[in-house]
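Here's the structure we're looking at; comments come further down.
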Amino acid sequence: MNATTASSPIRIAVIGSGPAGFYAAGHLLGHAANVVEVDMFERLPTPWGLVRSGVAPDHPKIKSVTRIYEKTAAHPHFRYFGNVELGADITRKELVEHYHAIVYATGSLTDRAMGIAGEDLPGSWAATDFVGWYNAHPDYRHLEFDLSHERAVVIGNGNVALDVARMLVLSHEELSKTDTADHTLDVLQHSNVREVVVIGRRGPAQAAFTNPELRELGDMDDVHVDVDAAELQRALAIPDPNMSPTAERNVAALRAYAESAASGGRSIALRFLMSPVELRGDANGVREIELMHNALQADASGALRATPTGETEVIETGLVMRAIGYRGVALPEVPFDERHHVIPNAKGRVLDPEDAAHRPGEYVVGWIKRGPTGVIGTNKKDAQETVDALLEDLEAGRLAEPAWPDPGAIERLLRERKPALVDYAGWERIDEHERSRGEPHGRPRVKVTDIDEMLRIAAAEKPNGNDGAEDDRASDGTASTRYGTLGTRG
């Protein structure tokens, strides 16, 4: 059995600081039966993953979930290593040498392609690009979107599709109160987009919208939600035997939209049973999209499937956003399922591709474990399953035995290799800076988009690498190792 005492704790590395990573860290640190220390690694200087860079700016209540993660970060056995990338700054092999277990929580970083002709034309974008751009993600700050056309088309029937549609038509007055990136506010203020058409491959009863996301479309200023009553009725002609309560409420909301009178200077049209076939245009950009009409048919199990009818429709547009799902990316030296774009696993235990056996001490949580499904809260139960497996392996003595479990060893390695390491106190300085920039304008924050600027802010007024606190360095001059130094706030 692996040791688990105050002098010899179980040390765990969590790779990724989004909801899945923080829920896993919280479950681990809250397990009273074992002494656990958690080090969290994040590629960016800033934590929170998609809560910071994926949740739409006009949804501040959803972002308040970070208060739970802040409690985890305040735990004396938690450290945050920001601006550290797996594969570039530290290898999986080195993590194995320093930790009893590794938990991969890197999410799904890219998008799924439609796989149709013309998809690479200018004006055809992944929703992930647009979302990162308006949320001030450093990787997307330099993108340029042409919003000179009056109609945009969004492909997809999930919450991200609705987020994109909403962001394209929200007024400047509504957005200027949010933490939307400044560069985005400038562009959207001069946008010519007046109509957004949201296209779903299946029917309204099969759409993946959550009820609040769909209903809130009707709360926007000067925006009409356009649902054609006859088209809606045709799409609902075949009852879905598997319709969930959520789907029933969505259908009721769509019926209400169909019955409402047209009003507003801008509109969001919701259309169903259509699939993209081709984007057409030229070197200057997209000019139109061809769509195939579908019909619902029951398969052998009774489930309804969308099948092409042969009837097509062309919509003129200069902007197409695909929001048909996120996709996981392989990590260096870590098994990866190229078909499902996840790390192969059994209840969170990482499996070796050669023999499907569990790789001792390696675990996975979140979207990179199960695929991009569910909402933020889904990750809590998902992380608990993985942590339960990890603790079961701890009790059975199946965790790895690191060569250098001393917490100081990994810190010295990182500080030597990555002088611009950002600890949690450094993130708090960035956080305070962003909030102070937003306060005079009635905004929750004005985000910093440049990583070099983030690093300067994180390192400010930090004598001896300890944020002005007592110099805790070891007698040999190396950085002291916390659970007392790095990332503590008092």
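The values are calculated or read from the model by the stated rules, or taken from the named source; none is laboratory data. The shown structure was predicted, so the numbers you read here are calculated from the model rather than taken from an experiment. When we count neighbours, we look across all protein chains shown, and the Cβ atoms used for this are built from the backbone with ideal geometry, even at glycine.
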Would you check which residues across region 11-44 are surrounded by fewer than 24 Cβ atoms within 10 Å (Cβ to Cβ), over 16 Å from the mean Cα position of the chain (by Cα), not β-branched (Val, Ile, Thr) and not in a strand (DSSP E or B) and list them? Gly26, His27, Leu29, Gly30, His31, Ala32, Ala33, Asn34
Exactly one condition in (1) over 29 Å from Pro122 (Cα atoms); (2) touching a Ser or Thr at 6+ places or on another chain (Cβ under 8 Å) is not met by Asp299; state its number. (2)
Which members of region 259-276 meet the condition of being farther than 22 Å from Pro239 by Cβ and more than 28 Å from the chain's Cα centre (by Cα)? Ser260, Ala261, Ala262, Ser263, Gly264, Gly265, Arg266
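Regarding Ala152, is this residue outside the structural domain of Glu453 (by TED's automatic domain parsing) and in contact with a Ser or Thr (Cβ under 8 Å, 6 or more places away or on another chain)?
Working: outside the structural domain of Glu453 (by TED's automatic domain parsing): yes; in contact with a Ser or Thr (Cβ under 8 Å, 6 or more places away or on another chain): yes.
Yes, satisfied.
Taking region 134-149, which residues are assigned to a loop (DSSP other than H, G, I, E, B), more than 17 Å from Val193 (Cα to Cα) and touching a Ser or Thr at 6+ places or on another chain (Cβ under 6 Å)? So that I can check it myself, show each step before the final result.
Step one: filter region 134-149 for residues assigned to a loop (DSSP other than H, G, I, E, B), giving 135-137, 141-149.
The next check asks that each one be more than 17 Å from Val193 (Cα to Cα); those that pass are 135-137, 141-143.
Asn135, Ala136, His137, Arg141 - these are the residues of region 134-149 that are assigned to a loop (DSSP other than H, G, I, E, B), more than 17 Å from Val193 (Cα to Cα) and touching a Ser or Thr at 6+ places or on another chain (Cβ under 6 Å).
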Please identify the pairs in which a residue from region 10-35 that is closer than 15 Å to Arg67 by Cα has its Cβ atom under 7 Å from the Cβ atom of a residue that is among the aromatic types (Phe, Trp, Tyr) and part of a loop (DSSP other than H, G, I, E, B), counting only partners at least 6 apart or on another chain. Ser17/Trp48; Gly18/Trp48
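Among the residues of region 351-368, which ones are buried (at least 22 other Cβ atoms within 10 Å of the Cβ) and either in contact with a Phe, Trp or Tyr (Cβ under 8 Å, 6 or more places away or on another chain) or modelled with pLDDT under 95 (or both)?
Hits for region 351-368 are Gly361, Glu362, Tyr363, Val364, Val365, Trp367, Ile368.
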Going residue by residue through region 52-72, is there one that turns out to be under 23 Å from Ile343 (Cα atoms) and either modelled with pLDDT under 95 or not assigned by TED's automatic domain parsing to the domain that holds Ser176 (or both)? yes
Of the residues in region 250-282 that are polar (S, T, N, Q) and closer than 15 Å to Val197 by Cβ, the one that is surrounded by the most Cβ atoms within 10 Å (Cβ to Cβ) is Ser275
Collect the residues in region 217-227 that are surrounded by 15 or more Cβ atoms within 10 Å (Cβ to Cβ) and closer than 15 Å to Asn250 by Cα, keeping them in residue-number order. Leu217, Val225, Asp226, Val227
Just to be sure, is Asp120 within 28 Å of Gly156 (Cα to Cα), acidic (Asp, Glu) and part of a helix (DSSP H, G or I)? no
Residue check: is Ala247 touching a helix residue (DSSP H, G or I) at 6+ places or on another chain (Cβ under 6 Å) and either modelled with pLDDT of 95 or more or surrounded by 14 or more Cβ atoms within 10 Å (Cβ to Cβ) (or both)? yes
Does Leu254 satisfy the condition of being under 31 Å from the mean Cα position of the chain (by Cα), in the same structural domain as Met274 (by TED's automatic domain parsing) and either over 27 Å from Ser301 (Cβ atoms) or of a type in the set (Gly, Ala, Ser) (or both)? no
In the set Val153, Val131, which member is crowded, with 20+ Cβ neighbours inside 10 Å and in a strand (DSSP E or B)? Val153
